[in-house]
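The structure under discussion appears below in the form of structure tokens.
The values are calculated or read from the model by the stated rules, or taken from the named source; none is laboratory data. Values in this document were obtained by computation on a predicted structure and should not be read as measured data. Positions of Cβ are backbone-derived with ideal geometry, glycine not excepted, and every protein chain shown enters the neighbour counts. Remember, those area values only see protein heavy atoms, side chains included, never the ligands or the DNA or RNA. Shrake-Rupley method; radii C 1.70, N 1.55, O 1.52, S 1.80 Å.
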Amino acid sequence: MESVSMVGLRLTLKQRYFLLLCFAVGAIIAYQFTRNRLEVERMSRVEGLRANSSQFTLERKPFHILGGSIHYFRVPRGYWEDRLLKMKACGLNTLTTYVPWNLHEPERGVFNFEDQLDLEAYLRLAASLGLWVILRPGPYICAEWDLGGLPSWLLRDQNMKLRTTYPGFTAAVNAFFNQLMKKIVPHQALLSRGITELLLTSDNREGLKRGGVKGALETINFQKLNPNDIKYLDGIQPNKPKLVMEYWSGWFDLWGDLHHVYTAEDMIPVVTEILKLDMSINLYMFHGGTNFGFMSGAFAVGIPAPKPMVTSYDYDAPLSEAGDYTTKYHLLRNLFSYYHAQPLPELPSHQERRAYQPVVIHQHLSLWDSLHFTDKPLKSERPVNMENLPVNNNNGQSYGYTLYETTITSKGTLNSKNNIRDRALAFVDKHFVGVLDYKTQELALLDGKGKRTLSLLVENCGRVNYGKTLDDQRKGLVGDIELNKRPLRDFIIRSLDMKPGFVNRLESSGHWMSMRQRPSFPGFFQARLYVNSFPKDTFIKLPGWSKGVVFINGKNLGRYWSIGPQQTLYVPGPWLHKGDNEVIVFEEQETDGKIQFASSPDYGMTVDVQ
């Protein structure tokens, strides 16, 4: 296991590494006699995936990887089987998934592999459906995921150097991998302990030029096929099988930009050519899913300030965010069918959806009235970034909002000194005075009598997941804020990470007020969605709202923001139940008092991927 984690640490910036875990189910006769991990099952294996010639072999027979990425943490567990059956019916034989360290170890030494994060259940499900698995265990996964999957508590160490051999990083990786590998190793069904399957690295051509990892197969990532890239891979790695580890089936979206599409007409000829060249392929993504909660990352390459990713990870993939078939899906299925001796499975039935009737907000609770449901505030002379707050058993705050309050006695110019990460609503005596972010770093504060309270509600909009700025992803106030060129001091700091416990306390609170009383902002708004039959998938639409977060039955659906492009939030049917469903919306600035529903998504105006 030590060598596995060290392999990950030796990679250059754009490299990530993988394990191809070859599952016994569907490939080994012995499995038909036992469902347990018995020696008979393990010993029946002949040989895992090998790359000893120009073609992969599996069980010592030629093997063509037809893969697709579906991340278990982006798909409601109730839909895992549906999505994998649709993958199988498309003609794919291999499932690829990342493992997000920041979800599995939310606090140092506290591990979660339950429910939505039950990786072993996901692997067993893939096996039972006859799918092989390429596992991408990290520790860094990129993935348009907050901090590329690295836990934010690593950043409590002011000297932290992520993705290096810095001892604080390697020790944390080893502790996580000691837990993770225990769960992975048995699924290889091999005699020896430890990871023995083929290791892979994944790069675009620029990454390949920076070198590989000894003993690991180098693979390539792209969207548009350039024959010179294939020649280059052949040149540095002759007489080895060629795998397009990430064939980008679409692209991600950023708040304030347009929705990216990559047409089937552009995509299918490239996939056809890859297969004609006898290369293996993995579609990234086959099904994107959703960045539920606060988990979406941010993009920072070649732009002056980071731009946060949207909540949807639809990715314009062959299977849509809600699991719908697309034109890409049907054309790929037709293409992949030529690479199978047997007819492909029948298509699983389409999931029904419903545009529920609009619901009216019936109660509200101001942000200020919700503060006694938060953890004990911190008094600090200077600002403290969210990761270094003494909350969550001294693991700091990972996601959400942080409220900084201090006393001011004069008017003048408030200057953030670009120390706000990422966006702050500013209030004087609870009256909104403006927004501070990377672009707006100054606000004029008007005259007032005596002592007044300045409040800054700072949002972590998502940590950068790729590039050279990972070590700089601390959030909240990361330095001094000045009023008339004098740094402010003596803060009261509250963590508003909006975790399930907080949302549950809010729900059961007796402090909610009727909408007959005018709401103040920011605030929490409550409604009930009544479902009179078996719950169906739907999409929430909030055209009269500005920016915030939606919770349904305590689950965080993610952020919405009127600047788009995304205008709807996916609501999975399995997260609803028959009868009353509790909807809570945290809204920063405005509401029309209604929550609307749609049967299809609105991802905004489109632009072709360049």
Cα-Cα longer than 30 Å, checked against Lys88/Lys182; Lys88/Lys499; Lys214/Lys307; Lys411/Lys475; Lys328/Lys499; Lys499/Lys578, kept in input order, equals Lys88/Lys499; Lys214/Lys307; Lys328/Lys499
Could you state the angle between the C-alpha long axis of helix 227-236 and the longest principal axis of the C-alpha atoms of the chain, as a value from 0 to 90 degrees rounded to the nearest 10? 70 degrees
With each pseudo-label sitting 7 Å past Cα toward Cβ, what's the Ser410-Ile268 distance in nm, one decimal? 7.0 nm
For a Förster distance of 35 Å, can you work out the FRET efficiency between the beta-carbons of Thr164 and Lys594, rounded to the nearest 0.05? 0.10
Is the shape of the stretch 238-307 rounded, prolate or oblate, going by the alpha carbon gyration tensor and its root eigenvalues a ≥ b ≥ c, with a/c under 1.5 for rounded and a/b larger than b/c for prolate? prolate
If contacts are Cα pairs under 8 angstrom and at least 6 residues apart, what is the relative contact order of the chain in percent? 16 percent
Only loop residues by DSSP count here, and only those with at most 14 other Cβ atoms within 10 Å; note down the trypsin sites (Lys or Arg not before Pro) in the stretch 321-360 that meet that. none
Would you mind working out the accessible area per residue for the stretch 123-200, using a 1.4 Å probe, and quoting it in Å²? 29 Å²
Per-pair calculated FRET efficiency, R0 = 45 Å: Asp602 and Tyr338 via Cβ, rounded to 0.05: 0.80
Under a plain spin-label model, where a point goes 7 Å from the Cα along Cα-to-Cβ, how far apart in nm are Arg60 and Glu381? 7.3 nm
For the stretch 108-178, state which GluC sites (Glu not before Pro) are in a DSSP loop and have at most 12 other beta carbons lying within 10 Å of their beta carbon. Glu114
Size of electric dipole in the chain: Cβ of Lys, Arg +1 and of Asp, Glu -1, about Cα centre, debye, nearest 20: 920 debye
In the chain, what % of DSSP beta bridges are antiparallel (nearest 5)? 75 percent
With the full set of protein chains in place, find how many percent of the accessible area of the stretch 183-238 is carbon and sulfur; take the probe as 1.4 Å. 50 percent
Stretched out fully, how many nm does the piece from Thr327 to Gln517 gain, at 0.36 nm a residue minus the Cα gap? 63.5 nm
Treating only the Cβ of Lys, Arg, Asp and Glu as charged (+1, +1, -1, -1), what charge dipole size does the stretch 60-132 show about its Cα centre? Round to the nearest 20 debye. 500 debye
Could you please put Glu459, Glu47, Glu346 in sequence from largest to smallest accessible area, using a 1.4 Å probe? Glu346, Glu47, Glu459
Got a number for carbon plus sulfur as a percent of the stretch 365-486's accessible area, 1.4 Å probe? 46 percent
Applying 1/(1 + (r/R0)^6) with R0 = 56 Å to the Cβ-Cβ distance of Thr469 and Ser128, what FRET efficiency is obtained, to the nearest 0.05? 0.85
Consider the candidate values [x] 44, 28, 23; [y] 56, 52, 22; [z] 57, 27, 22; state which one is semi-axes √(5λ) of the Cα gyration tensor in Å computed from the structure displayed. [x]
Express in nm, to one decimal, how much length is gained between Ser509 and Gln351 on full extension, taking 0.36 nm for each residue of separation and deducting their alpha carbon distance. 53.3 nm
Net length gained if the chain between Glu206 and Ala89 were fully extended (0.36 nm per residue, minus Cα distance): 38.6 nm
If you restrict to DSSP beta bridges whose two residues both lie in the stretch 228-378, what percentage is antiparallel, to the nearest 5? 50 percent
Express the accessible area of the stretch 340-407 per residue in Å², computed with a 1.4 Å probe while the remaining protein chains stay in the model. 52 Å²
Just to confirm, what accessible area per residue do you get for the stretch 460-538 at 1.4 Å probe, in whole Å²? 47 Å²
